[in-house]
Structure formats: structure tokens, C-alpha cells
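Enquirer: I have a structure I would like to understand better, so I am pasting it below and will then ask my questions one at a time.
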Amino acid sequence: MAALLQLDQITIRFGGLTAVSEVTATVQTGELVGLIGPNGAGKTTVFNMITGVYQPSGGRIQFRGRSTAGLRPFEITELGIARTFQNIRLFPSLSVFDNVRVAFHLHLKHAAIHSLSRGPKFHAEEEELREATLGLLKIFNLERVQNEPAKSLPYGDQRRLEIIRALATRPQLLLLDEPAAGMNPAEKVELMRLIQFIRDQFQLAILLVEHDMKVVMGVCQRIHVLEYGRKIAEGTPQQIRANPAVIAAYLGQESTAA
Amino acid sequence: MLPRSQILLLASLILAGVVSAFSGNMDTYFLDVAMGVGISVVLASSLNLINGFTGQFSLGHAGFMAVGAYTSAMITTTLGPKFGWSQLGLQWVLFPASLLVGGLLSALAGLAVGAPSLRLKGDYLAIVTLGFGEIIKVVLQNVEAVGGARGLVAVPGHTNLFWTFGTAALTVYVVWALMNSTYGRGFLAVADDEVAAEAMGLNTTRYKIIAFAVGSFFAGIAGGLYAHLKGYLNPTGFDFNKSIEIVIMVILGGMGKHVGVIVAAVVLTAVQEPLRQLGDWRMILYALILILLMILRPQGLFVWPLWTKKTT
């Protein structure tokens, strides 16, 4: 069976700098995959190429057997890839409810003109979306703050809201960019539970960029490791933990001279 | 059964029609000011769609207004005398048709300016739209067929209370209805964070183009109303100052606020009458008001709640 997401030798250069070099990786349907590496290894850049923010200078990206070359970010979301951002990017002035509601956009049957005519079908769909939005918020216990502006939420809730918003696009692949950043240990444990819950409940694949080893090792079935834009290892958490190249990348090489 | 918003729109139209029918013996000066107020509401609400809700920065609204004003005035002045129109036919058929054509042409101009320049943001977009407004003005000054720098004279006075306030009600309804739908929340999302909006599957370019097209459509209609209210068009009436005047209404009312912007449009238009004796000092007063406002009430003057308790 073909992989859900296939990265084939993808490379991107910014001027003279090769930020990501010939990275090949796959994510299978329903799989929970980690993408790790030291700071500046190119993890977020890989995310930005998958989601169409950057066009790769070389190599191919295929999602569900379709090349994503030349597609704009919203078109890639339409194919079934949703993401969160390293620095939370909610719609700060919109309410919590509207942040989620707006992400149902791809599944809307009405367009600008129908908001003017406001016929029975329009109202029926709006009601449907209201319930779908509330349903999602309820699963994640955010329905009691649905009318608050998104920017007023505490940090951890903002992270969760960003994930909910991504889920509203009904993706088959969810990209999470450092969801544990800035969380305390208790919140991290909660997050691990949440990630697994989302995978099972929504039946999607998750690609997770994360610095926190405990989180990555705890939830991922398979892990890709990047260093200086190159892939240096791939395997199960046990294999990655024992991989000398990975240990060297994180802890530095043992000096042979001394 | 119609939705409440549409009943309200219908009621406004009927009210405008009834008041208009009894306006025969109203003071002409008062009528003139009142219609000016209605036109301002159309201009400010339509610009609010672009600058307020969608977060773009257009400085060319007077340019779009000029396109509509000249188009509709040319239609009524050239087609009006032909075909033996009755007064009723002129005011209730030819005139609204000319407004519509003016609005459509203006929307087309909005697309022509918008489509290539919407990759630009903030100040860059402002400069492009400012350039557009100035080009329109210079073109009008140099085309003899529309009167050139002398202006277009003897435009028939078809504008009445019904057309101005009917259009105003329609504009407010359209902008309100666009915003109050799941689709319409996309405009606000684009204003908040374009990258995130794209990532959620929103075609941000399409949103911006719709905002520009709808906004300039109503600016064009406002222009047509203005032409048939004043009876005389001069290219310099659609210069940078006019655009700024509309921008000020939007900022003063609170970007992206429906009622605030309407109130600001009404107040700022009406207050010009007593200020007229100040002549050029008027713009200086405007500037001062803006500066004070930015310092004291950056969220806009008429944003509810008017007073909030400071939480410390």
C-alpha cells in the first residue's frame, strides 16, 4: 500500500544555505510519526514544505499519491493536511467559537452570495456547523469559553484550540509543530494522552515535531531524526534511543584525543 | 417567513420611501445635508468592508467613487434627453440603472486594481490604491468628453431621500450579512492572520478580491448618488482628501464595527456644516481629532461598551 505522505529526496535552498537536504520519509495512514532534531535542523522547514508555505527546490512530495508541487497552502489543506504552528497562530480577535467555525470553511456548501439571500438552506447549514463546532469544543472541554476572544485564553488552552481548529478542516494528516513547547510536566502528560486520543478518535495520521523527548518517545510509533537538514536516522523509539548518530547529534561526539 | 435582518432591511426601504414621498416641502438645505449623510454612510460602510473587516488598507475609495459618479452622470446626461422619457421614467428607471452600471464599472475597476496588487500588504497596498485614485483624477481632468478640468455640468438632480437612504440601508445590510455567516467570518480571519487562514483552507486572495469588488461597487453607487445630488462634478472633488475623509470615518467609528462606522459617518458629515466657516482649518481640526483619538481611544470612538472599568 502506498504511503499517505511520501517525501522523496526533498531539498530546499535559501540563497547559499541548504536548509533541508534530500530528506526522504513516509507517514502511513493512521500512523503517529515523530520528527526530531536539534535546533535549526530544519524540522519546521519540512513542515512548511509539506503545507505549501515553501516550494521545495528539489525532490517530490506526494500526499495520497498526488504531487503537491505548485499548490497553495489552502489547496493542500483541501487535500487533507492540517497543521498547527510553533508560535501559536490563532485568529486573536475572533471568539473561540469562531476560530473553530471558520475552519469548517472547506466543507461549506454556501458562499458569499448565500449569506446575502439567507434562505432556509443557509440557516440549516449554519445550524449544522454550530453544532459541529460545539461538538468539537465539548470534546476538548472548551465550550464554556466559546464566546471569549481567542487571545484571552491561557496558553495551554490556546494550544488545544489550535489543534481543534486544525481538526475542523477534517484532515487525514495532522502536523503538530512543537505542541509541548512552554508546557509544564503535568500539561505534557495530558498532551500525550490528547495526541493519542485524537489519533484514535478522528482516525488520522499525525506527524509530530517536538523537542521534548519524553513526549516523542512516549507517543510515536516511528521517529525520523534530522540534523543540519539531513536525515540521520529513522526507527522505533527504542532504536532511536540506541542510535549512536542520534546520541552524537544531541550530546556531541565523544572526544577520541583525550 | 423572512429572516429578521431582511425584514429590517425591507422596513428601512419602506421608511425611506415614505419619508421621501413627503419630502416635497422640507427645507432644501436640510435635505441636501441629509442626503450627504446617507451617501457618507454608503461610503464609510463599504470602505469598512475593505479596511476594517478584511484588514486591507485602501486609500483609493474616492477614485472608485469617481468612476461611478462619472459613469452614471454620463448615462443620464446623454441618454436622458433621448427617447422622450417622462420625469418618472428618468428618476425611477434610467437613474437607478445608471447607478447600477456605475457601481458595476467601479467594481470592475476594483478588480483591476485589486487582483494584481493584493499580494501587497499594509502600506504598500495603500500606496498602490492611492496611486490609482490620483490616476483616475488626472484621467478625468484630461478627457474632454467628460468636461475635463472644467468638470461635468448640468447633471440632473435625480437623487432623493429614497435612493440615498435605500442605498445606505442596502449597503449596511450587505456588509452585515456578509460578515454574519461562516463564510463571512473568513474575512475577519484573513484580517487577523493570513498565514493561518490559508492553513485552514481559506483562499485569502479570493476573500480580498470579493472585499475590494463589493466595496468599490458601493463606492461607485455612492458616486452616482453624489453626482445627481450636487448636479456638478469636478475631478478635484475625488482627490486624496476625499479618500482620507472616508478613511477617517472608518477609523473614528472603529475598524470593523458596523454601528460605530455608521455613527461616525453621520456625525462627521453633519458636523461639516457648522465647521464650513472655518474653511481650510477644517482639515487641521480633523487631523487633531484623529491624533487625539489614536491616543485616547485606539479601538474607535463608538465601540461598545463606551466606557469599560479599568481592571488593574
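Enquirer: Given the residues A:Gly229, A:Gly252, A:Gly235, A:Gly218, which is the only one that is surrounded by 13 or more Cβ atoms within 10 Å (Cβ to Cβ), without any contact (Cβ under 8 Å) to a residue 40 or more places away in the chain and on the phi > 0 side of the Ramachandran plot? Even if it seems obvious, please write down each step before you answer.
Expert: Working: A:Gly229 fails: without any contact (Cβ under 8 Å) to a residue 40 or more places away in the chain; A:Gly252 fails: surrounded by 13 or more Cβ atoms within 10 Å (Cβ to Cβ); A:Gly218 fails: on the phi > 0 side of the Ramachandran plot.
Criteria check complete, one pass: A:Gly235.
Enquirer: Out of all the residues in the stretch A:55-67, which are surrounded by 18 or more Cβ atoms within 10 Å (Cβ to Cβ) and either over 18 Å from A:Ile206 (Cα atoms) or among the small types (Gly, Ala, Ser) (or both)?
Expert: First, pick out the residues of the stretch A:55-67 that are surrounded by 18 or more Cβ atoms within 10 Å (Cβ to Cβ): A:56, A:59, A:61, A:63.
A:Pro56, A:Gly59, listed by residue number.
Enquirer: State all residues of the stretch B:197-224 that are over 29 Å from B:His158 (Cβ atoms) and of a type in the set (A, V, I, L, M); if no residue qualifies, say none. Let's see the steps before the verdict.
Expert: Our first condition is that a residue be over 29 Å from B:His158 (Cβ atoms); within the stretch B:197-224, this holds for B:197-211.
Selection gives B:Ala197, B:Ala199, B:Met200, B:Leu202, B:Ile209, B:Ile210, B:Ala211.
Enquirer: A further question follows. Among the residues in the stretch A:113-120, are any at the interface with chain B (Cβ under 7 Å from one of its Cβ atoms) and within 14 Å of A:Ala150 (Cβ to Cβ)? Give the derivation first.
Expert: Start the filter on the stretch A:113-120 by keeping residues that are at the interface with chain B (Cβ under 7 Å from one of its Cβ atoms), which leaves A:115-116, A:118.
Going one step further and asking which of them are within 14 Å of A:Ala150 (Cβ to Cβ), we end up with none.
No, the conditions are met nowhere in the stretch A:113-120.
Enquirer: What tally of residues in the stretch B:167-178 results from selecting those that are more than 8 Å from chain A (Cβ to nearest Cβ) and either under 13 Å from the mean Cα position of the chain (by Cα) or open to solvent by less than 10 Å² (accessible area, probe 1.4 Å) (or both)?
Expert: Residues that pass the stated criteria total 7.
Enquirer: Of all the residues that make up the stretch B:181-208, how many are within 7 Å of chain A (Cβ to nearest Cβ), in contact with a helix residue (DSSP H, G or I) (Cβ under 7 Å, 6 or more places away or on another chain) and either touching a residue at least 60 places away in the same chain (Cβ under 8 Å) or of a type in the set (Gly, Ala, Ser) (or both)?
Expert: 7
Enquirer: Filter the stretch A:99-108 for residues that are surrounded by fewer than 21 Cβ atoms within 10 Å (Cβ to Cβ), touching a Lys or Arg at 6+ places or on another chain (Cβ under 9 Å) and at the interface with chain B (Cβ under 7 Å from one of its Cβ atoms) and give the result.
Expert: Pass one, the stretch A:99-108, residues surrounded by fewer than 21 Cβ atoms within 10 Å (Cβ to Cβ): A:106-108.
When the remaining residues are screened for being touching a Lys or Arg at 6+ places or on another chain (Cβ under 9 Å), the result is A:106-107.
A:Leu106 - this is the single residue of the stretch A:99-108 that is surrounded by fewer than 21 Cβ atoms within 10 Å (Cβ to Cβ), touching a Lys or Arg at 6+ places or on another chain (Cβ under 9 Å) and at the interface with chain B (Cβ under 7 Å from one of its Cβ atoms).
Enquirer: Would you mention how many residues in the stretch A:12-38 are within 19 Å of A:Leu175 (Cα to Cα) and surrounded by fewer than 17 Cβ atoms within 10 Å (Cβ to Cβ)?
Expert: Residues meeting the conditions: 5.
Enquirer: Can we say B:Phe53 is open to solvent by less than 30 Å² (accessible area, probe 1.4 Å), in contact (Cβ under 8 Å) with a residue 12 or more places away in the chain, closer than 24 Å to B:His258 by Cβ and over 13 Å from the mean Cα position of the chain (by Cα)? Can you show your working first?
Expert: On the way: open to solvent by less than 30 Å² (accessible area, probe 1.4 Å): yes; in contact (Cβ under 8 Å) with a residue 12 or more places away in the chain: yes; closer than 24 Å to B:His258 by Cβ: yes; over 13 Å from the mean Cα position of the chain (by Cα): yes.
Yes; evaluated as a whole, the condition is true for this residue.
Enquirer: Is it the case that some residue within the stretch A:143-152 is within 14 Å of chain B (Cβ to nearest Cβ) and under 20 Å from the mean Cα position of the chain (by Cα)?
Expert: Checked the stretch A:143-152: at least one residue is within 14 Å of chain B (Cβ to nearest Cβ) and under 20 Å from the mean Cα position of the chain (by Cα).
The values are calculated or read from the model by the stated rules, or taken from the named source; none is laboratory data. Remember, predicted model here, so these are calculated numbers, not experimental data. Cβ sites come from the backbone with ideal geometry, for glycine too, and all protein chains shown count toward neighbours. Please note that ligands, DNA and RNA were not included when accessible areas were found on the heavy atoms of the full protein model with its side chains. Shrake-Rupley method; radii C 1.70, N 1.55, O 1.52, S 1.80 Å.
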